[in-house]
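Trainee: Mind having a look at this structure? Questions to follow.
The values are calculated or read from the model by the stated rules, or taken from the named source; none is laboratory data. Only a predicted model underlies this, so the values are computations on that prediction, with no experimental measurement involved. As a convention, Cβ positions derive from the backbone with ideal geometry for all residues, glycine included, and neighbour counts pool all protein chains shown. Side chains included, ligands, DNA and RNA excluded: accessible areas come from the protein's heavy atoms. Shrake-Rupley method; radii C 1.70, N 1.55, O 1.52, S 1.80 Å.
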Amino acid sequence: MKSSDKSALSKSIVAMAIIVLFAATICPQQAQDLPNDIKWVTQSVEYAALCVQTYRAGWWAVKEAAQQQTEDWAVVLDVDETVLDNSQYAVERAAVDSGYTEQSWAEWVFRKEATLIPGAKALIDSVRTLGPKAHVAYITNRKFEHEQATIENLQKYGLFKEDDIMLTRKGPEDTKEKRRQCVREGTGRCEKHGPLKIIALFGDNIHDFFPVYSMTRARVYREETLPADPHWGREYFMLPNPTYGSWERDYQ
Ligand SMILES: [Mg+2]
């Protein structure tokens, strides 16, 4: 081997060693740098177990309640962090040292790359086995202009069927409570099914169950009413979401 070749070879070895060292030291560092909430959701067994546990308990309750229904009924689910997992969006935003923005969120929604919250598909697929009275309704604060992309993202996993109801938010006044009323009364966008009795609700935010519009009310409910509220574990099923929520904004 010529001395010039030897020199080139040793330079290559040094360069490769630097790359390996960089990968070994920098990459784990990046993983560790994720905020604890995102790390917990994306990496912990505890988070996934909580989701599966919630959905499994939900299924037992739905199966039992369905036997007592004489009219058509629905299971109502929120979408984000209830059925669709947007943690990749959170990871990407953290990587650029930023959080939610309307534009970045819209870009993420149109990519239709959200994955599934553990346990969600098992519950929804099982609900569909309970006969023609059973219906699946999604009530989400995703905007109306994001509705088609949301449906297509759910369809990737077989989670949106022709008979299902999708109620995105049509404006600031279009609260989730109003849309639950729409399901119960069978009016407006819910007309195709007529009135449906909601036998279970799944969500990651208190507004997925009922409205709580101030920190004071939230505190009173949490301390005085919640411990004995019989809905939890029977009709209401809460998924964990430590990354964002109306709790950040005093429930406004
Ligand atoms: Mg949500």
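Trainee: Considering only residues that are of a type in the set (Phe, Trp, Tyr) and farther than 16 Å from residue 242 by Cα, which ones fall in segment 42-91?
Mentor: Answer for segment 42-91, where residues must be of a type in the set (Phe, Trp, Tyr) and farther than 16 Å from residue 242 by Cα: 55, 59, 60, 73.
Trainee: Turning to a different aspect of this structure: Pull up segment 187-204, narrow it to residues that are open to solvent by less than 30 Å² (accessible area, probe 1.4 Å) and assigned to a loop (DSSP other than H, G, I, E, B), then point me to the one that is nearest to the ligand (Cβ to nearest atom).
Mentor: The residue in question is 204.
Trainee: Here is a follow-up. Among the residues of segment 219-234, is there at least one that is part of a loop (DSSP other than H, G, I, E, B) and in contact (Cβ under 8 Å) with a residue 60 or more places away in the chain?
Mentor: Within segment 219-234, the first condition is being part of a loop (DSSP other than H, G, I, E, B), and the residues that meet it are 229-231, 233-234.
Then keep just the ones that are in contact (Cβ under 8 Å) with a residue 60 or more places away in the chain; that gives 233-234.
Yes, the conditions are met somewhere in segment 219-234.
Trainee: When only residues in segment 44-93 that are acidic (Asp, Glu) and more than 16 Å from the ligand (Cβ to nearest atom) count, which is farthest from the chain's Cα centre (by Cα)?
Mentor: Only one residue tops the list, namely 71.
Trainee: Okay, next question. Quick check on my filter: what residues within segment 95-113 are among the aromatic types (Phe, Trp, Tyr) and part of a helix (DSSP H, G or I)?
Mentor: If the condition is that a residue be among the aromatic types (Phe, Trp, Tyr) and part of a helix (DSSP H, G or I), then 105, 108, 110 are the ones that fit.
Trainee: While we're looking at this one, here's another question. Which condition number does residue 241 fail, the rest of (1) modelled with pLDDT of 95 or more; (2) in contact with a helix residue (DSSP H, G or I) (Cβ under 9 Å, 6 or more places away or on another chain); (3) away from the ligand (no atom under 12 Å from the Cβ) being met?
Mentor: (3)
Trainee: Let me ask something else about it. Would you confirm whether or not segment 120-138 contains a residue that is away from the ligand (no atom under 16 Å from the Cβ), in contact with a Pro (Cβ under 7 Å, 6 or more places away or on another chain) and part of a helix (DSSP H, G or I)?
Mentor: Within segment 120-138, not a single residue is away from the ligand (no atom under 16 Å from the Cβ), in contact with a Pro (Cβ under 7 Å, 6 or more places away or on another chain) and part of a helix (DSSP H, G or I).
Trainee: Would a scan of segment 219-236 turn up a residue that is on the phi < 0 side of the Ramachandran plot, in the same structural domain as residue 123 (by TED's automatic domain parsing), of a type in the set (Val, Ile, Thr) and touching a helix residue (DSSP H, G or I) at 6+ places or on another chain (Cβ under 9 Å)?
Mentor: no
Trainee: Next question, about the same structure. How many of the residues in segment 184-209 are under 28 Å from residue 248 (Cα atoms) and touching a His at 6+ places or on another chain (Cβ under 8 Å)?
Mentor: The total comes to 1.
Trainee: Give the residues of segment 159-190 that are under 16 Å from the mean Cα position of the chain (by Cα) and not charged (D, E, K, R), sorted by residue number.
Mentor: 159, 160, 166, 167, 168
Trainee: Further question: State all residues of segment 150-161 that are without any contact (Cβ under 8 Å) to a residue 60 or more places away in the chain and either among the polar types (S, T, N, Q) or not in a loop (DSSP other than H, G, I, E, B) (or both); if no residue qualifies, say none.
Mentor: 151, 152, 155
Trainee: Another one. For segment 162-176, check the following and say yes or no: at least one residue is hydrophobic (A, V, I, L, M, F, W, C), part of a helix (DSSP H, G or I) and out of contact with any Pro (no Cβ under 9 Å at 6 or more places or on another chain).
Mentor: No.
Trainee: Another question, then. With the requirement that a residue be in a loop (DSSP other than H, G, I, E, B), at pLDDT below 95 and open to solvent by 90 Å² or more (accessible area, probe 1.4 Å), what does segment 23-69 give you?
Mentor: Hit for segment 23-69 is 33, nothing else.
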